[in-house]
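Before any comments, here is the structure.
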Amino acid sequence: MVAPGKGILAADESSGTITKRFEAIGIESTFDSRRDYRQALLTTPGLEEFISGVILYDETIRQSTADGVAFPKLLEGLGIMPGIKVDTGAMPLPGSPDEKITEGLDGLPKRVAEYVSLGAKFAKWRAVITIGDGIPTDYCIQANAAALARYASICQEGGLVPIVEPEVLMDWENDVDRCAEVTKKAHEAVFAALDLHRVALDGIILKPNMAISGKKSATQASVDEVAAATVKLLTSTVPESVPGIAFLSGGQSADVATAHLNAMNKLGPHPWQLSFSYGRALQDDALNAWKGEASNVEAAQAALYGRSKDNSLASKGEYTPQQA
Ligand code: 13P
């Protein structure tokens, strides 16, 4: 999953989320249009050169190409591992409604067994930590860490590699130092919980946010500042036994997400592979090119191929914008 030069495509938007993305560019979201879009992504020629795994959603892992090839089978044939989002979304945290807790533990062992039978090799669970006035609370950080650890232990027991994703959102007016401080706290809680829950750290992938300025902050940290702050934070929190760290993009533009990954890898070597598990930063150009039209599939695939290649280079610290 974290082979050098490879990363993960996050294509696990829930039907609600993908519907919002479709509607933003005037595409109707139906079972078939979602299938057509995911088929366009997954059949991108050469995708396997840069992508080692694709995270799917419950609906998508059960879908097939127009010729009847199940998506997990299609991916396996390309040497790409199918993965599955197993959380059921983030809800208001009881007692602290401006914060979120991720749901989905009920019945999880059974669902994991079913996903394994459908061909999944790994799973994802996203916890959401919000920065704001007086938040995050320790309660939110601890509750989410406990849920992530329960999820990870259930996955390892059931035969899926867990991607552990504690996402600190980048939406507020905080500076990069505040983001780094909150992320450090979240990571410390997550690794303590993983230890308590007997999760084998050499069998997980960490999917963190970068240490980054909030979108509403008047000052935006430079690419080099983000890279330095993120590497410092990870060095202080992530045990060397964790084989791979695959970042989320979290609302960064595609160019910026690639530049950050590249700058971090230029600071290496690191004890873990530093790679990508981007959703929007890999897909945005492709979705905008596709526009719901079969005649645009090639253009969408070219966009995804290009972004995947850029991030593959960035995962080795070899990206220069001219190669885009
Ligand atoms: P973004 O890269 O768009 O943040 O999505 C990654 C993801 O999987 C969020 O859970």
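Please treat every number below as a calculation from the coordinates, not as lab data. Predicted, not measured: the structure shown is a model, and the values here were computed from it. Backbone-built Cβ (ideal geometry, glycine too); neighbour counts: all protein chains shown.
This model, with +1 at the C-beta of Lys and Arg and -1 at the C-beta of Asp and Glu, gives the chain a dipole about its Cα centre of some 420 debye. Let's test the formula: R0 of 25 Å, r as the Cβ-Cβ distance of GLU103 and ASP67. What FRET efficiency results, to the nearest 0.05? About 0.10, to the nearest 0.05. Computed from backbone phi with θ = phi - 60° and the Karplus coefficients 6.51, -1.76 and 1.60, the 3J(HN,Hα) list for segment 293-306 is 10, 4, 5, 9, 4, 4, 5, 5, 5, 5, 5, 5, 4, x Hz; x is used for glycine and proline. Counting neighbouring Cβ atoms within 10 Å and putting the fewest first, the residues GLU28, GLU298 line up as GLU28, GLU298. 3J(HN,Hα) along segment 213-222, derived from phi through the Karplus expression 6.51 cos²θ - 1.76 cosθ + 1.60 where θ = phi - 60°, amounts to 5, x, 4, 8, 6, 5, 10, 10, 4, 6 Hz, with x in place of Gly and Pro. With both residues required to sit in the chain, DSSP beta bridges show an antiparallel share near 20%. Taking amide H atoms as placed 1.01 Å from N in the peptide plane, the amide H of VAL168 lies under 5 Å from those of ILE129, ASN209, each 5 or more residues away in sequence or on another chain.
In terms of surrounding Cβ atoms within a 10 Å radius of their Cβ, TRP172, TRP125, TRP272 rank from fewest to most as TRP172, TRP272, TRP125.
The HN-Hα couplings worked out from phi for segment 86-98 by the Karplus form 6.51 cos²θ - 1.76 cosθ + 1.60 (θ = phi - 60°) are 10, 6, 10, x, 9, 10, x, 7, x, x, 8, x, 7 Hz, whole numbers, x standing for Gly and Pro.
Please report how far the C-alpha centroid of segment 25-51 lies from that of segment 82-132, rounded to the nearest whole angstrom. Computed from Cα coordinates, the inter-centre distance equals 23 Å. Set the bar at 32 Å for Cα to Cα. Now go through LYS121/LYS184; LYS185/LYS291; LYS73/LYS232; LYS124/LYS309; LYS20/LYS121 and name every pair that lies beyond it. Checking Cα-Cα distances, LYS185/LYS291; LYS73/LYS232 exceed 32 Å.
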